[in-house]
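Structure, as structure tokens:
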Amino acid sequence: MLNLDQYTCLGAALREALNRWPNETCLIESDRDKEKTRLTYSDFKEMAMPLARALEDAEFHAGDRAAIIMTNQSKWLISAYAIFHGGGVLVPLDYKLTAAEHLELLVHCKAKFLVVEYFLWRAITQAPGFKDRKVQAVLVTEAPPGTDLAGAHRWEDFRRKGDAVFVPRQREDVACIVYSSGTGGRPKGCVLTHDNYLEQCKALIAWYPFWPGVRYLSILPTNHAIDFTVGFLGPFVCGACVVHLRTLRPEFVRDAFVRYKITHVSLVPMVLKNLERGLKAKFEALSPSKRFLLDRLIALNKFFTGWRPDVRLSRVLLRQVHQAFGGELRLVVTGGAFMEPSTLQFFYDLGVPVVNGYGLSEAGTALTLNDLKPFRADTVGKALPGVDLRVLNPDSEGIGEIAARGKTVMSHYLDDPELTAETIVDGWLLTGDLGRFDASGHLQLFGRKKNMVVTQGGKNIYPEDIESVFDGLPVKEYSVFAANYVWPVKSLGEEMLVLVLRLEPGQEFNETLKQDLVARNRRLPDFKRVGGWVIWEKDFPRTAAMKIKRMALAEEMRKTLSRAAVAGL
Amino acid sequence: MNLAMPDAQRTLDEILNLAAAQFKVPREKLAADDDFFKTLGIDSLQTLDLLTRLEHHFNVELPDYELQGVSDFRTLASRIQARL
């Protein structure tokens with residue numbers, strides 16, 4: 001692996017990787033069961049350089065911002081490298097946002113360039129506000145021949161011959177702007193430096209190194225902090241291979257493990273749960289004698305791996321289970337959302353170590369990780385090297401807000417000094433998450449102080465971001481809250497958003513109103529939808545500027561309403 | 001004369017039948033405008049499983065992105081119908 005201390009920016013480290021391992025395969029792109037692309041580090045360089053040169057010719061300068069909105073595929077990484085090569089700032093946007101949200105964030109981050117997949121570009125061009133966009137140039141991938149691209153360039157044709165000039169950046173320069181949430185209300189663009197990423201990579205590979213021969217399966221969106229760091233930067237600076245799968249269909253995910261003999265993968269809880277469900281269904285279908293044998297082998301594996309994982313032994317004992325994952329799987333990394341300990345334990349007992357961690361975009365990627373010494377299903381692990389964590393104002397059980405300090409903590413929120421000052425206090429990042437440390441230094445999480453939910457797919461949803469869908473609702477006033485914020489449960493499970501309704505005097509909640517709520521709710525992407533509603537009998541407390549005092553309203557609701565009053569939507 | 005309507009309705013009915021069978025929900029509890037995440041109690045990955053089954057049934061290939069933002073059976077049926 002590269003010694004990352006020697007580099008001042010991601011571009012320089014990646015550039016060195018392309019030269020260091022020219023003949024190693026760095027990237028495979030598979031769509032369903034068809035392999036579309038296979039590149040060595042040398043091929044990758046050949047693909048990226050003409051794009052870097054074309055960007056240079058198009059006046060893309062150091063510090064300019066370029067956004068990427070794409071599903072997982074080779075052109076994502078090639079474009080990212082070309083942007084870093086030219087000293088640019090990468091803005092990875094979540095492709096699952098709506099076109100209107102994409103436009104809003106493109107305006108907010110002042111992107112000069114946009115790289116976007118055709119089907120997403122088609123949606124963006126049809127969104128209101130498209131004509132007001134300020135993006136100077138758009139590169140569209142995989143557009144059908146002869147299609148009108150509304151002034152955009154074809155990515156495949158946007159190439160120039162000749163060497164591009166490498167533009168080095170300093171450690172404190174901005175590498176990426178990552179939106180941890182935020183459309184509709186107040187976009188939270190985390191400004192992360194080259195130092196943030198290089199130190200994050202260094203810490204992660206100190207505990208879990210990659211090497212040439214590692215095959216990492218990338219199925220989380222590359223814009224997601226985990227996949228960007230663990231599924232792009234990490235493998236590349238170690239000479240490993242990334243396998244992109246362009247579908248999340250469970251059958252093809254299972255097939256990819258086997259076909260590419262995957263050694264490492266990162267998954268969000270939703271995917272891990274899906275794999276667990278599939279395996280359990282297969283176990284249930286076994287004959288009683290085979291099931292008895294399997295249970296004994298699992299018990300034996302548990303006995304021998306209680307203190308440390310022993311993947312070789314587990315592969316012998318539970319051969320068929322491991323063959324289903326290709327026979328070479330060594331490690332599963334998970335995080336981004338609450339993972340049930342029983343699921344983690346299920347995989348560990350099968351000899352598939354699942355490394356659970358905790359982090360947030362504001363802190364680079366990860367703050368803690370399980371070190372497997374021994375495996376602990378009930379915690380999110382220990383602080384990574386270089387990360388300081390502390391518990392603020394602990395209660396009688398030692399639980400308080402987690403604060404973090406270290407080289408991976410973001411510089412600031414883009415164009416929001418007020419929010420930055422609230423979030424980073426005296427150098428400590430206030431995470432808004434509640435937790436405590438056990439005697440062995442493992443962090444346990446117990447809920448959230450902040451008004452937000454994290455989905456099983458690892459997405460942060462802030463109530464303010466979705467409230468606008470209820471604009472014009474025929475009630476006196478309304479607001480959206482995270483249920484666990486109003487009624488803390490000391491757990492990260494059972495998260496949902498609740499719509500709080502204040503009806504007009506004499507108004508009753510009737511079927512018409514309910515159907516209106518249902519219809520509006522459906523306009524939101526499925527992972528952003530409100531799960532229930534509750535009637536509040538008093539006017540909302542408001543500031544002089546007529547903003548809802550959310551904290552005060554939540555406190556009042558906590559005192560006088562129980563969570564049982566929430567009706568499902 | 002609109003000849004497409006009966007086909008569209010048939011596609012919708014077949015989707016509802018398949019969804020009911022796959023997720024073991026009584027067919028009569030499913031309606032065209034239902035939010036299938038909620039009615040079937042499934043997550044987005046399970047929806048992709050359903051999509052695979054629908055592909056096999058209708059003999060079409062549906063990219064994952066065709067399902068982005070779709071959460072009711074009627075829209076799903078229209079996306080499939082467009083590729084038949």
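What the table shows:
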| item | result |
| --- | --- |
| DSSP beta bridges in the protein assembly as shown [antiparallel fraction, %, rounded to 5] | 55 |
| With 10 Å bins from 0: P(r) over the range A:220-329, alpha-carbon pairs, percent | 12, 37, 36, 13, 2 |
| Relative pair counts by distance (%), Cα atoms of the range A:59-102, 5 Å bins | 5, 23, 29, 20, 15, 7 |
| Alpha-carbon centroids, the range A:9-27 and the range B:38-84: separation in whole Å | 39 |
| Mean separation of Cα contacts under 8 Å, 6 or more apart, over the residue count of the range A:167-265: relative contact order % | 24 |
| Residues A:ASP388 and A:GLU172, FRET efficiency given R0 of 22 Å [Cβ-Cβ distance, rounded to 0.05] | 0.65 |
| For chain A, the spread of Cα positions along each principal axis, largest first, Å | 74, 65, 48 |
| When the convex hull of its Cα atoms is projected in every direction, mean area for chain B (nm²) | 5.2 |
| Where Rh is the Kirkwood radius over Cα pairs, Rg/Rh for the range A:492-569 | 0.97 |
| Size of the B/A contact, given as accessible area buried on both chains, probe 1.4 Å, in Å² | 1800 |
| Whole-number percent relative contact order across the range A:67-225, with pairs defined as alpha carbons under 8 Å at least 6 apart | 25 |
| Cα gyration tensor shape for the range A:494-538, rounded if a/c is under 1.5, else prolate or oblate | oblate |
| Accessible-area value, B:GLU61, 1.4 Å probe, nucleic acids and ligands omitted, Å² | 100 |
| All-pairs Cα distance distribution in the range A:409-514, expressed in whole percent, bin size 5 Å | 2, 10, 15, 16, 17, 16, 10, 5, 4, 3, 1, 0 |
| Check: the range B:4-84 dipole with +1 on Lys, Arg Cβ and -1 on Asp, Glu Cβ, in debye | 180 |
| Under-5 Å amide H pairs with A:VAL243, H placed in peptide plane, nonlocal only | A:ILE28, A:TYR216, A:LEU217, A:SER218 |
| FRET efficiency, 1/(1 + (r/R0)^6) with R0 30 Å, evaluated for B:GLU28 and A:LEU149 via beta carbons | 0.05 |
| Filter on A:LYS75/B:LYS24; A:LYS188/A:LYS547; A:LYS34/B:LYS24; A:LYS528/B:LYS29; A:LYS36/A:LYS382 - keep pairs with C-alpha separation over 29 Å | A:LYS75/B:LYS24; A:LYS34/B:LYS24; A:LYS36/A:LYS382 |
| Qualifying lysines (Cα of each under 16 Å from Cα of A:LYS161; at least 8 residues distant if same chain) | A:LYS45 |
| ³J(HN,Hα), Karplus 6.51/-1.76/1.60, whole Hz, each residue of the range B:57-70, x for Gly, Pro | 5, 8, 6, 10, 10, 10, x, 3, 5, 5, 9, 4, x, 8 |
| Tensor-based shape of the range A:32-135 (alpha-carbon gyration tensor, a/c under 1.5 rounded, otherwise prolate or oblate) | oblate |
| Additional length obtainable on full extension of the chain from A:GLU477 to A:PHE303, 0.36 nm per residue less Cα span | 56.8 nm |
| For B:24-37, mean number of other protein chain Cβ atoms within 10 Å | 1 |
| Percent of Cα pairs exceeding the 20 Å cut-off, where the set is the range A:147-236 | 58 |
| Label-to-label distance, nm, for residues given as A:MET546 and A:GLU511 (7 Å Cα→Cβ offset) | 3.5 |
| For A:THR141, residues with placed amide H under 5 Å, excluding near neighbours | A:VAL116, A:GLU117, A:TYR118, A:TRP155 |
| Rounded, prolate or oblate (a/c below 1.5 giving rounded, otherwise prolate when a/b exceeds b/c) for the range A:100-210 by Cα gyration tensor | oblate |
| Per-residue [θ]222 nm for the protein assembly as shown (sum of -39500 (n - 2.57) over DSSP H runs n ≥ 4, rounded to 500) | -10500 deg cm²/dmol |
| Accessible area (Å², 1.4 Å probe, nearest 10) - A:THR263 | 10 |
| Segment A:ARG159-A:ALA439, extension gain: residue separation times 0.36 nm, minus the distance between their alpha carbons | 95.1 nm |
| Where labels lie 7 Å past Cα in the beta-carbon direction, separation of A:VAL425 and A:LYS450 in nm | 1.4 |
| A:LYS134/A:ALA519 FRET efficiency (R0 41 Å; Cβ-Cβ; nearest 0.05) | 0.80 |
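The values are calculated or read from the model by the stated rules, or taken from the named source; none is laboratory data. Here the structure is a predicted model, which means the values were calculated and not measured. Cβ sites come from the backbone with ideal geometry, for glycine too, and all protein chains shown count toward neighbours. Keep in mind that these areas ignore ligands, DNA and RNA; they rest on the heavy atoms of the full protein, side chains included. Shrake-Rupley method; radii C 1.70, N 1.55, O 1.52, S 1.80 Å.
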